[in-house]
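For reference, the structure is listed below as structure tokens.
The values are calculated or read from the model by the stated rules, or taken from the named source; none is laboratory data. Since this is a predicted model, take the numbers as computed values, not measurements. Heads up, the Cβs are rebuilt from the backbone with ideal geometry, glycines too, and the neighbour counts pull from every protein chain shown. Heavy atoms of the whole protein, side chains included, go into the accessibility calculation; ligands, DNA and RNA do not. Shrake-Rupley method; radii C 1.70, N 1.55, O 1.52, S 1.80 Å.
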Amino acid sequence: MILVTRGIIVQNGRVLAAQRPETMSLPFLWELPGGKLEPEELVEDCLIRETFEELMLHVEIRERLPHVDRMFRDKHYRMLPFICEVVGGKLKAVEHAQAIWQPLERLFDLEWAPAEEMVLRHFVALRQASLAVTSAAN
């Protein structure tokens, strides 16, 4: 099993999306910041390191979400998503074709890599459920 971190970085009602370059597998599809764990690395440290390496942003983790499993090219990937907040740095797409802030209401206008879409659909469902509970309480 390959463990991969993913950061759902939310700011002002938008989520940070990075477009894979032509030279990577799944070229031009969109993904969330993050990457594969290195040996002996903590999951949270991996996400913080990868986000800085890929996008020059410092993030703090706010919440861990349930993992999402996906098979791709006969390999089992476990996506480990977190909700994050930017706390420093200046956005620069170092390893991606581009990076944009996508409004939540237009999140699925982008063509996401399949595993990313699974993570985001789960995130949106949890967010909507939370908003419904908050509305009902008021």
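Kindly evaluate ALA93 against the criterion of being in contact with a Pro (Cβ under 6 Å, 6 or more places away or on another chain), at pLDDT 95 or above and not basic (Lys, Arg). Spell out the reasoning first.
Values: in contact with a Pro (Cβ under 6 Å, 6 or more places away or on another chain): no; at pLDDT 95 or above: yes; not basic (Lys, Arg): yes.
For ALA93, the condition - in contact with a Pro (Cβ under 6 Å, 6 or more places away or on another chain), at pLDDT 95 or above and not basic (Lys, Arg) - is not met.
Going by what's in this entry, would GLY34 be described as open to solvent by less than 20 Å² (accessible area, probe 1.4 Å), under 22 Å from HIS122 (Cβ atoms) and assigned to a loop (DSSP other than H, G, I, E, B)? Working first, answer last.
Working: open to solvent by less than 20 Å² (accessible area, probe 1.4 Å): yes; under 22 Å from HIS122 (Cβ atoms): yes; assigned to a loop (DSSP other than H, G, I, E, B): yes.
Yes: the conditions hold for GLY34.
Any idea how many residues of the stretch 8-28 are in a loop (DSSP other than H, G, I, E, B), touching a residue at least 60 places away in the same chain (Cβ under 8 Å) and surrounded by fewer than 17 Cβ atoms within 10 Å (Cβ to Cβ)?
Here the count works out to 6.
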